[in-house]
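**Student:** Before we start, here is the structure in question, set down as structure tokens.
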Amino acid sequence: MEDEEKLRSNELFLYMDSITHLYPNNQFIVELTSEVVTSDFVTIDQSRQLLSQIDTALLDPLELKSIIVSLDRQERINSGDQFPNFTFESFEGETYSQNSFSDQYILIDFWATWCGPCTKGFGELQPLYEELDGKLEVIAVSIDPNKELPMKHLSQKNYPWKQAYAKGQFENPFLEQLGVVFLPFYYLISPDGEILAINPDIAEIPELVKKRSSLKEVLK
């Protein structure tokens, strides 16, 4: 199965390599290339090669920046790597770090009040958080322009997980290190600090946690 996937990925790259050479200024081909290079079907080197063969001026500047930052991030940090040491501060001044949550899985959720999918995701996350019954801790990190915006929003809610704030919005150095270029942006981390998933579907999180927990039990 793995060999078949590699074969299909290589066929996709060869096809994209051909059409980007033939039609580098075609809007449809440029937009198709932008989707392919941000997928899991091609390698980072292949993605960079395809980008070099199209007229990137036809892409929205923010979209192009997002693609480049994402590729740079993939060269630094991916699933299976150790998540960088972090410190987030709550609105009450409490500090959260990896050591704050021994034996718990951590979902770091970067969000903002202006992001509709972010607040929608909170509603989807709450029953799963309760289902995992202490195995998972969530740190929802607002990157709003100021603390007052998330504090006002949260005062009307009763989310059971940790809330924190990171100033600087997308220019925050830690967010830049992590390649956070859109919201919501998720990192699922194991108790030993390994990145289990980047931007998993919320519905997949319980299964990811349970599978990893079962594996740890087998290896004991």
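**Student:** Just to be sure, is SER47 loosely packed, with under 15 Cβ neighbours inside 10 Å and over 30 Å from LEU154 (Cα atoms)?
**Tutor:** It is false that SER47 is loosely packed, with under 15 Cβ neighbours inside 10 Å and over 30 Å from LEU154 (Cα atoms).
**Student:** While we're looking at this one, here's another question. Please determine whether any residue of segment 71-82 is in contact (Cβ under 8 Å) with a residue 12 or more places away in the chain, over 30 Å from SER52 (Cβ atoms) and either surrounded by fewer than 12 Cβ atoms within 10 Å (Cβ to Cβ) or not charged (D, E, K, R) (or both).
**Tutor:** The answer is yes, given that some residue of segment 71-82 is in contact (Cβ under 8 Å) with a residue 12 or more places away in the chain, over 30 Å from SER52 (Cβ atoms) and either surrounded by fewer than 12 Cβ atoms within 10 Å (Cβ to Cβ) or not charged (D, E, K, R) (or both).
**Student:** List the number of the failed condition for ASP103; all other conditions in (1) in the same structural domain as TYR186 (by TED's automatic domain parsing); (2) at negative phi hold.
**Tutor:** (2)
**Student:** Just a yes or no: is a residue in segment 83-106 charged (D, E, K, R) and without any contact (Cβ under 8 Å) to a residue 12 or more places away in the chain?
**Tutor:** Yes.
**Student:** Would you check which residues across segment 36-50 are closer than 23 Å to TYR187 by Cβ and either acidic (Asp, Glu) or not in a helix (DSSP H, G or I) (or both) and list them?
**Tutor:** Across segment 36-50, the qualifying residues are THR38, SER39, ASP40, PHE41, VAL42, THR43.
The values are calculated or read from the model by the stated rules, or taken from the named source; none is laboratory data. In this text the structure is predicted, and so the values were computed from the model without any measurement. Backbone-built Cβ (ideal geometry, glycine too); neighbour counts: all protein chains shown.
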